[in-house]
Each structure stands twice: as structure tokens, then as C-alpha cells.
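The values are calculated or read from the model by the stated rules, or taken from the named source; none is laboratory data. Here the structure is a predicted model, which is why all the values come from computation and not from measurement. Neighbour counts run over all protein chains shown; Cβ positions are idealised from the backbone, glycine included. Side chains are part of the model used for accessible areas, which takes the heavy atoms of the whole protein and leaves out ligands, DNA and RNA. Shrake-Rupley method; radii C 1.70, N 1.55, O 1.52, S 1.80 Å.
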Amino acid sequence: MKQLKEDIDEFPFPFKSNDPYRFSNNSIPLNPPISIDVTSKYIEEIKLKRDLLKTVHNRCYQSTPDTYEAQWEVLNLVMHHLSDMYPDRFKLKKEKDHWSFTNLITNETESFIYRDNSSLTLEPLDVIGRHVQEDLLILMEKDNELYLEAGQLCFPGRWSLVFKLGMTFLEIHQPIPEFNDTGLGDKIRRFLLNLEAGNPFERLNWALTIGYHLDTSIETFHKWGHKQKEVTPENVGSLVHLRVERQKLFRLPKSNSILFNIHTYLLSFEDLVQNPEWRSTFYDIFTNLPDYILKYKGAYAYKDTLIEYLKKFQQHA
Amino acid sequence: MLDMDHATNKNFTFVTGRRKYLLFTDITGYGEITPILSSLDEQNLLYMVYYFNEFSSNHDLKTYLSQQKMGTYIYASGNWNSIISFVKTAEKAGFTEEELQIKGIGERILRVFCSRCYAINVCKTSKEMVCQSCGQSLSVSNHYSRRYDAYLGYTILN
Ligand code: HEM
């Protein structure tokens with residue numbers, strides 16, 4: 001899919017310098033401290049999200065009973081951020097506990113009594129998630145440990161919310177090479193335990209993926225996985241995409257939980273190479289990646305084809 | 001959970017220089033620890049031998065293991081069910097892969113979670129299998145969920 005100029009302008013290119021890339025805690029303070037970004041893809045992605053929630057709700061939404069307090073906090077935070085940051089598109093009216101949230105893009109109003117579960121037809125997280133492009137996950141803190149206890153996840157980068165529900169931070173990251181066994185996992189876990197309300201963080205994570213597909217769930221891998229083998233020197237530029245997740249972390253003070261949200265962006269290499277700085281930075285980083293990272297990022301199979309493609313542009317530069 | 005494949009040695013190797021050794025076994029696994037017992041005796045090292053069933057619960061076992069000081073090394077051999085439950089408890093008590101060796105006897109029964117249809121399969125092999133519910137070929141990983149007491153089976157493309 002050819003992208004519009006605004007999509008490219010919005011794309012959060014994740015590499016800052018030519019430093020070799022390795023797994024690390026690359027979190028930085030979030031400024032401005034806003035949980036949501038509304039982009040030019042809003043309508044398209046909200047529609048896709050709602051379709052998935054309709055057809056495969058169980059795959060995309062999971063929660064445990066103890067998460068209601070945290071879910072209401074997420075709804076509260078996100079509704080305020082949307083109406084404060086995008087007042088022409090979202091309105092929040094409150095009369096005591098009677099709230100009314102209007103989405104002027106979709107022309108919908110959610111009216112409910114704050115913290116009264118029976119006033120909503122869906123769970124609070126499932127309601128608010130339908131108004132944002134982000135996937136929203138809640139980690140509960142218990143005895144100095146963080147557990148993934150609720151989530152609305154429509155655009156996973158090859159993982160399953162159903163399988164990971166209930167896991168600790170370290171258990172979630174178990175499949176990542178050189179993560180838990182190097183002590184990196186524990187370092188990040190302690191960083192998260194120290195996260196404070198009012199001081200949110202963000203980080204960018206990246207992988208390579210085939211086609212403009214946000215939904216790369218492992219549940220449907222049998223449908224899309226084979227496309228990796230279809231990469232050729234002719235189609236590599238349009239087929240292979242850089243997938244970037246802007247991830248944000250907020251401490252929710254009442255429930256002492258953490259909101260982890262993920263906004264996923266995709267850019268084909270055909271579009272990426274138009275920016276000479278991005279192209280040469282990516283080239284330097286990509287050609288210096290160890291195999292274990294290439295494999296984990298899904299790029300091992302067509303690594304050489306992509307390098308050859310990038311080289312062509314390097315020479316013309 | 002500790003990576004079972006990693007922690008499994010074909011045969012035990014003797015590790016010297018630890019403060020104390022704990023050996024856990026049952027009737028089926030006893031033969032595996034005898035070479036280690038001889039080495040420990042030869043070198044006059046401090047050790048204790050326990051049968052798994054001497055601990056009335058995993059809680060008692062965990063309490064006992066938690067009280068051990070740094071430098072304690074564990075060998076455990078026995079049927080796979082005992083070994084799996086033992087390793088989980090040892091991990092909760094703070095032991096890591098570097099501090100223990102295990103040897104399971106007989107067939108190891110695994111629960112495998114199908115990433116395509118969520119069925120939990122019970123199987124004996126540990127590398128690849130076919131989901132009994134949806135027919136998908138799965139590669140059995142060591143990504144473990146306590147919630148399902150199962151390992152994740154990733155789709156293998158054919
Ligand atoms: C500072 C915070 C965090 C850091 C530095 C971090 C780091 C990472 C890294 C390096 C990867 C490998 C991804 C890749 O290269 O494609 C990863 C994967 C992942 N992370 Fe995190 N992470 C953080 C927080 C979280 C949180 C709070 C969750 C909660 C759900 C989470 C869930 C995941 C999942 C589900 C994966 C995919 C694992 C898989 O392949 O099965 N991360 N993370």
C-alpha cells in the first residue's frame with residue numbers, strides 16, 4: 001500500500017544514531033505526558049479494531065475479576081487525555097458521577113455512572129479501548145511483582161494475550177533471547193516497580209513484518225506466516241515493513257497498577273528509503289545485528305534480500 | 001519456569017567446590033545419583049540425601065530449600081512428574097539453573113497450549129506435535145504459563 005505523506009510524517013522512526021542496536025531499557029520520560037496519539041489512520045484503525053472485537057472477542061479482550069478498579073482508572077485517564085488534547089474531536093461532560101463521553105469522529109456517546117460496572121454494557125477497558133488506536137494492557141502489582149491481568153489487544157506483534165494472561169513481567173518476556181538470563185529483564189522489572197504516578201515513560205520497539213498488517217497474532221500465523229517466503233528482490237520494498245510500537249507506561253495510583261499501551265505504526269521500505277537519513281541509519285544498524293536478534297525480529301529469512309535492496313539506494317545517494 | 005531442557009543433563013556431571021550438596025530422588029531415580037554419592041564421599045564433601053516423599057507438601061519442601069545458604073548445589077533424579085514439581089518448588093525457593101541438575105526417568109508428559117485454537121494437548125515428545133483439536137502442527141516451546149500449566153505450541157508452517 002502506498003502511504004500518504006502524513007503517514008510518513010507521523011512515523012516514529014526508532015533509531016536515533018548509528019549506535020549498534022541491542023535489547024535494552026530504552027525508556028525515556030513521556031513528554032507531553034499524554035497516553036494517546038490520534039493519527040491520520042484513526043478511522044481506518046478503529047474500524048479494524050471493532051471488526052476484530054466483534055469476530056474474535058476472546059482473542060482480543062481478556063481480564064481477570066480483580067481489575068475493575070484499574071480499568072476504571074484507565075478509562076478515566078484516557079477520556080481526560082482525549083478531551084484535553086483533542087477538544088474538537090472528543091468531549092467529556094461530568095455531573096457528579098454521571099459522565100458522558102462523546103466521540104465526534106465516530107458520532108458516538110458513552111453515558112455511564114463512574115465506577116458503576118452495571119452502567120456499562122462492556123467492561124470499562126473494553127469500552128475505552130474502542131475509541132483509541134492503541135492496544136491497552138493492565139499490569140497489577142502484588143507483593144513486588146507485576147502480573148498481566150487485563151488487556152484489549154487487537155494488533156499484537158506475534159504474541160497471544162490469552163496465553164500470556166496472568167504472567168509476571170519476566171514470564172511474559174521469557175521467549176526473548178538474551179533478556180532474562182542476562183539480568184536485563186530483572187533490571188527492567190525493577191524500573192517498572194519504581195514507576196510513579198505523574199511520571200509516565202515511553203519507549204519505541206521495532207520489528208520487521210510482511211505487508212501492511214497490524215494484526216500479526218500468533219493465533220492466525222497459519223494464514224500470514226508463509227508470506228515471509230514470498231519476499232523477492234522485486235517486491236521487497238513494498239512487501240517488507242518496519243513495524244514500530246510506541247509504548248507508554250503510566251502508574252495508576254488508586255489500584256497501584258500499570259497501564260502499558262502500544263500504538264503500532266507500519267512503514268514499507270519503499271517509503272522508508274525516501275528519507276536518506278532513515279535509510280542510512282537503518283542500513284548501518286541492520287547490517288550489524290547479531291543473528292539472534294534478526295531471528296527474533298522475524299527478519300532472518302529475507303535479511304540478504306533487504307540488505308541488497310538498501311545497498312542500491314546507498315550507492316545512488 | 002526454569003528451562004527443563006537446559007537443566008536436564010543426559011548424565012549428571014560432578015560439580016566441585018560447593019559448600020553443601022542436596023540430593024533428591026525416588027526409587028526409579030536412585031541409580032542416577034549413586035556415581036555422585038561416590039564422588040562426594042571420595043572428596044569428603046558435605047551432603048544430604050532425601051526422597052521426594054519425605055516432604056509432606058511442596059510448601060514444606062519450599063520452606064526447607066529457602067533456608068539453604070548460598071553455595072548449596074542440588075541434584076535431583078526421579079520420575080518426570082516428581083521432577084517437574086520439584087523444579088517448580090526449587091525455583092520458588094530461589095534456586096537457578098546454575099545451582100541444580102535434574103534427570104527425569106521414563107517419559108515426560110507435557111501439556112501444550114495450541115496457539116491456533118487454545119486446546120491443551122497432553123503429549124510425550126517435547127519438540128513437535130499435532131494439535132488433537134485443530135490439526136495444526138506445533139513446535140513446543142519452553143514458554144510456560146502457570147495459569148494453564150502448559151507450554152506454548154507455536155504454529156509450524158507446512
Ligand atoms: C520498560 C519496559 C519494557 C521494556 C524495556 C521491554 C522490552 C522488550 C523487548 C526488548 C522485547 C523484544 C521485542 C522485539 O524486539 O521485538 C519485548 C517484547 C515483549 N514485551 Fe516488553 N518491555 C517492556 C515492557 C513491557 C510490558 C509492561 C509488557 C506488558 C504486557 C510487555 C510485553 C511484551 C510482550 C508481550 C513482548 C513479546 C514477547 C514474545 O515474543 O512473546 N513489555 N519487550
**Q.** Tally, over region A:266-278, of residues that are open to solvent by 20 Å² or more (accessible area, probe 1.4 Å) and either touching a strand residue (DSSP E or B) at 6+ places or on another chain (Cβ under 7 Å) or assigned to a helix (DSSP H, G or I) (or both)
**A.** 4
Q: Could you check, for region B:51-61, whether at least one of its residues is part of a strand (DSSP E or B) and hydrophobic (A, V, I, L, M, F, W, C)?
A: no
Q: Scan region A:279-313 for residues that are loosely packed, with under 14 Cβ neighbours inside 10 Å and polar (S, T, N, Q) and report the count.
A: 2
(Q) So, A:LEU242, is that one over 30 Å from A:TYR147 (Cα atoms) and open to solvent by less than 30 Å² (accessible area, probe 1.4 Å) or not? (A) no
Q. When you scan region A:87-112, how many residues do you find that are under 17 Å from A:VAL38 (Cα atoms) and part of a strand (DSSP E or B)?
A. 7
**Q.** Residues (part of a strand (DSSP E or B) and of a type in the set (Phe, Trp, Tyr)) located in region A:113-147
**A.** A:TYR147
Q: Test A:GLU219 against the stated conditions and say whether it is over 24 Å from A:PRO14 (Cα atoms) and crowded, with 21+ Cβ neighbours inside 10 Å.
A: yes
Q: Would you mind finding the one in B:LYS88, B:LYS127 that is on the phi < 0 side of the Ramachandran plot, without any contact (Cβ under 8 Å) to a residue 24 or more places away in the chain, charged (D, E, K, R) and surrounded by fewer than 21 Cβ atoms within 10 Å (Cβ to Cβ)?
A: B:LYS127
**Q.** Boolean, A:ARG115 is touching a helix residue (DSSP H, G or I) at 6+ places or on another chain (Cβ under 8 Å), near the ligand (Cβ under 10 Å from one of its atoms) and open to solvent by 20 Å² or more (accessible area, probe 1.4 Å)
**A.** no
Q: Give the residue that is nearest to the ligand (Cβ to nearest atom), with candidates limited to residues of region A:146-167 that are farther than 25 Å from A:GLU69 by Cβ and open to solvent by 10 Å² or more (accessible area, probe 1.4 Å).
A: A:TRP159
Q | Filtered residue count, region A:47-79, keeping only those that are of a type in the set (Ser, Thr, Tyr) and part of a helix (DSSP H, G or I) | A | 3
Q. Residues A:ASN103, A:ASN58: which one is within 26 Å of A:GLN247 (Cα to Cα) and open to solvent by 70 Å² or more (accessible area, probe 1.4 Å)?
A. A:ASN58
(Q) Restricting to region A:183-214, name every residue that is within 30 Å of B:CYS131 (Cα to Cα) and either of a type in the set (Lys, Arg) or open to solvent by 40 Å² or more (accessible area, probe 1.4 Å) (or both). (A) A:TYR212, A:HIS213
Q | Wholly within region A:148-228, helices (runs of 4 or more DSSP H) carrying at least 2 residues that are over 15 Å from the mean Cα position of the chain (by Cα), more than 10 Å from every other protein chain (Cβ to nearest Cβ) and under 29 Å from A:LEU77 (Cβ atoms) | A | A:169-172, A:184-193
Q: Give me a count of the residues in region B:97-119 that are away from every other protein chain (no Cβ under 11 Å), closer than 18 Å to B:SER141 by Cβ and open to solvent by 10 Å² or more (accessible area, probe 1.4 Å).
A: 4
Q: Answer yes or no as to whether A:HIS173 is surrounded by fewer than 20 Cβ atoms within 10 Å (Cβ to Cβ) and more than 11 Å from the ligand (Cβ to nearest atom).
A: no
Q: Mind telling me which of the residues B:SER85, B:SER77 ends up being small (Gly, Ala, Ser) and over 30 Å from A:GLN62 (Cβ atoms)?
A: B:SER77
Q: Output yes when any residue across region A:29-38 is more than 16 Å from the ligand (Cβ to nearest atom), open to solvent by less than 30 Å² (accessible area, probe 1.4 Å) and in a helix (DSSP H, G or I), and no when none is.
A: no
